[in-house]
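S.K.: Okay, here's the structure, questions in a sec.
The values are calculated or read from the model by the stated rules, or taken from the named source; none is laboratory data. Only a predicted model underlies this, so the values are computations on that prediction, with no experimental measurement involved. Here the Cβ positions follow ideal geometry from the backbone for every residue, glycine too, while neighbour counts run over all protein chains shown.
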Amino acid sequence: MGSSETFENELTQLLPRLRRFAFSLSRNGADADDLAQATIERALRSRGQWEPGSRLDSWLYRIMRNLWIDTARARGRKEKHEAPEEEAQFVGEDPRESMDASLELKRAMAAMNRLPDEQREIVALILVEGFGYREVSEMLDLPIGTVSSRLVRGRTALLEMLGGSADG
Amino acid sequence: MVEEEKFFAWLDGELSPDEAARVEAAVAADPELSKMAAEHRSMAAGLRGAFGAVEAQPVPERLQAMLKGDGKVASLTDARSRRQARLAQPFWVQAAALAATLAIGVFAGSQLGGGQGSPIHPRDGKLVAAAGLEQALSTQLASAPANTGPRIGLTYRDTSGAICRTFEDRAASGLACREGGDWRIRSLFQGAEGQAADYRMASGGDPQLMEAVDASIDGEPFDAAQEKAAMERGWR
């Protein structure tokens, strides 16, 4: 059980960071925690595919990103037919998060939400999570030039939405 | 003149020392670029600060519990909090759940018309598990799932004292409770398909199934040891 306990301990330690990534991808806190939960479930089921010694964080981020992209795609299809898109203003309407979601977090989530998916994931991984261009290009199987150009577009749009001065 | 992507690569510390020095000098000499660098640094810092608040929050219990390995197969606590958070669910998830309810009759009807292999049979006016489903309910431990056929989820004792088990396969999920020598079907829901599967998985099972469990359970679900002991006692 030794290695399995290590896996779970390491995963537990990474939970705060995984949640942060989930929040930067998702429309609201409830979706973010569902994504985090689905990621843990998938990770526990597929733990045999993780190579001990390689970076567990990159492996988990990749799982989360793939689950999120599947969800986002399916939702895009569904909502075209069935329901109006929920906007990021829904952030904070969940009573569980109104306590702790700061205004800044709501603003940041709303702005991230308006980015196209392919820019949002790269902005989140590089500007928020602190991965390097090369790491992200490997994680997402994208050429580094694609990572770089999407990052430029995403952060430029964000600057317009959020402003660049300290008082916003 | 600094190319845009190179400017940002410099800002992110992605350039070699030589290149970085060249861009740095060009930026220092250009008030426009200096301002842009300051704005982008500030914006990125604000973003890190905003999402940093999430990292600093305590991790919700339902996520931590998944890694504690307490032997429970699905999280009922989660199903309960999930139900309370129902209003926060996207509209279409609720719509999908409703559609699944409406599909029960269709599914049950088609299976009941089937032959020997039908997993559900009428007996004395009740629906009971048969064939592979009966076998799974009687012999499968959730801690040792079969590779094919129905998978067992939760096992628990209901408020009438009967042992109940949730099951799931590709076509359907449901709840069966021990009555006499039979597994009587209490609930049946159309199986997970496509997108809805992610949401079901995220809540530890079909939300409606979890609600059916929640409505009938006495106490907590069995852990792996209790489940094994119950099987050895013949599910009494």
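S.K.: Quick test of your reading of the structure: A:LEU14 fulfils all but one of (1) more than 9 Å from chain B (Cβ to nearest Cβ); (2) of a type in the set (A, V, I, L, M); (3) farther than 17 Å from B:PRO58 by Cβ. Name the failing condition by number.
M.R.: It fails just one condition, (3).
S.K.: Quickly run through the range B:25-63 and pick out the residues that are surrounded by 14 or more Cβ atoms within 10 Å (Cβ to Cβ), more than 13 Å from chain A (Cβ to nearest Cβ) and of a type in the set (Asp, Glu).
M.R.: Of everything in the range B:25-63, just one residue is surrounded by 14 or more Cβ atoms within 10 Å (Cβ to Cβ), more than 13 Å from chain A (Cβ to nearest Cβ) and of a type in the set (Asp, Glu), namely B:ASP30.
S.K.: Of the residues that sit in the range A:28-51 and are farther than 21 Å from A:VAL123 by Cα and out of contact with any helix residue (DSSP H, G or I) (no Cβ under 7 Å at 6 or more places or on another chain), which one is surrounded by the most Cβ atoms within 10 Å (Cβ to Cβ)?
M.R.: Step by step, filter the range A:28-51, then rank; the result is A:LEU44.
S.K.: Six or more apart or on different chains, Cβ under 7 Å: which pairs go from a residue in the range A:31-53 that's more than 8 Å from chain B (Cβ to nearest Cβ) to one that's surrounded by fewer than 21 Cβ atoms within 10 Å (Cβ to Cβ) and not aliphatic (A, V, I, L, M)? Could you list them?
M.R.: A:ARG47/A:PHE7; A:TRP50/A:TRP59; A:PRO52/A:SER3
S.K.: Can you pull out the residues in the range A:112-148 that are of a type outside the set (A, V, I, L, M, F, W, C), outside any loop (DSSP other than H, G, I, E, B) and either over 18 Å from B:ARG41 (Cα atoms) or more than 10 Å from chain B (Cβ to nearest Cβ) (or both)?
M.R.: Residues satisfying the conditions are A:ASN113, A:ASP117, A:GLU118, A:GLN119, A:ARG120, A:GLU121, A:ARG134, A:GLU135, A:SER137, A:GLU138, A:GLY145, A:THR146.
S.K.: Right, next: Determine whether A:LEU56 is buried (at least 17 other Cβ atoms within 10 Å of the Cβ), of a type outside the set (Val, Ile, Thr) and at pLDDT 95 or above. Can you show your working first?
M.R.: On the way: buried (at least 17 other Cβ atoms within 10 Å of the Cβ): yes; of a type outside the set (Val, Ile, Thr): yes; at pLDDT 95 or above: no.
Here the answer is no, as A:LEU56 does not meet what is asked.
S.K.: Search the range A:92-108 for residues being more than 8 Å from every other protein chain (Cβ to nearest Cβ) and modelled with pLDDT of 85 or more, and hand back the single one that is farthest from A:PRO16 (Cα to Cα).
M.R.: Among residues in the range A:92-108 that are more than 8 Å from every other protein chain (Cβ to nearest Cβ) and modelled with pLDDT of 85 or more, the one farthest from A:PRO16 (Cα to Cα) is A:LEU103.
S.K.: Ok, one more. List pairs: first in the range B:40-59 and closer than 19 Å to B:GLY13 by Cβ, second at pLDDT below 95 and of a type in the set (Ser, Thr, Tyr), Cβ under 7 Å, 6+ apart or cross-chain?
M.R.: Going by the 7 Å Cβ cut-off, the qualifying pairs are B:SER42/A:SER165.
S.K.: Have a look at B:ALA202, B:ALA197 and point out the one that is modelled with pLDDT under 75 and surrounded by fewer than 21 Cβ atoms within 10 Å (Cβ to Cβ). Give the derivation first.
M.R.: On the way: B:ALA202 fails: surrounded by fewer than 21 Cβ atoms within 10 Å (Cβ to Cβ).
The match here is B:ALA197.
S.K.: Starting from the range B:1-12, keep only residues that are of a type outside the set (A, V, I, L, M), then list their pairs with residues that are surrounded by fewer than 19 Cβ atoms within 10 Å (Cβ to Cβ) whose Cβ atoms are within a distance under 6 Å, requiring at least 6 positions of separation or different chains.
M.R.: The qualifying pairs are B:GLU4/A:VAL152; B:GLU5/A:VAL152; B:PHE8/A:VAL152; B:TRP10/B:ALA20.
S.K.: Okay, moving on. Scan the range B:124-144 and report the pairs whose first residue is exposed (fewer than 15 other Cβ atoms within 10 Å of the Cβ) and whose second residue is modelled with pLDDT of 85 or more, with Cβ atoms within less than 6 Å and a gap of 6+ or a chain change.
M.R.: Going by the 6 Å Cβ cut-off, the qualifying pairs are B:LYS126/B:ARG184.
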